[in-house]
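See structure below.
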Amino acid sequence: SYEVKRGERVYPRKRLIIATNRHVLYDNTSIYWHGLYPSPKLTLEPWNDTWIGKGLIWDAMPMQKMLNRWFRLIDNHMQKWQQPDLISDKNSISQSDHNKINTARPGLKLRFNPVAGKGTELRYPDPLPAYLAEFGKFLIEEIGSITGSHELTNLAQLGQLPSADSVERIMEAMTPEVRMRSRILE
């Protein structure tokens, strides 16, 4: 629907506007007033049962979600080191004093009555297993190989336009997915 101002043309059977970013090519009565609108389709990558082809990101999404969880794990672990757990004996320190303690602040000073109980204890987390660092690298490499961004990174590192021979060698070294995508675009 559209609003018609006084003095403007009324389009009783719909209005059709065909435009580019800079110019209006056609603005008049729609020839598709019967409701059967043609929609041009550009499919960059053919894939069964898809309208616009299969996007690159769909393959990498599960790995990206796993990488996000990995980052969250590392971040949570660093926060635990920054502000460790505080365990207090309820007989040696009052609840209000316990609630005031911020273990992230530097120069923490605590007073407690050793006769009344054990006192307070800062509990730092156990170190993360060494394989978790390798797992993060694996995820990043896997996302790069699935999306084919490693080949683009190699091209970007050249700093200049490669010759035709170099492009052919790079194309031969590409993953099958990237080769298929480039052939379809050609």
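Every read-out reported here was derived from the displayed coordinates using simple, explicitly stated rules and does not represent laboratory data. Keep in mind the model is a prediction, meaning the values are calculated, not measured. Ideal geometry is used to build each Cβ from the backbone, glycine not excepted, and the neighbour counts take in all protein chains shown.
Stretching the chain fully between Y131 and V24 yields a gain of 32.6 nm (0.36 nm per residue, less the alpha carbon separation). Working from label points 7 Å from Cα in the Cα-to-Cβ sense, the E142 to Y124 distance is 3.1 nm. A straight chain from Q82 to E8 at 0.36 nm per residue would run longer than the Cα-Cα distance by 19.9 nm.
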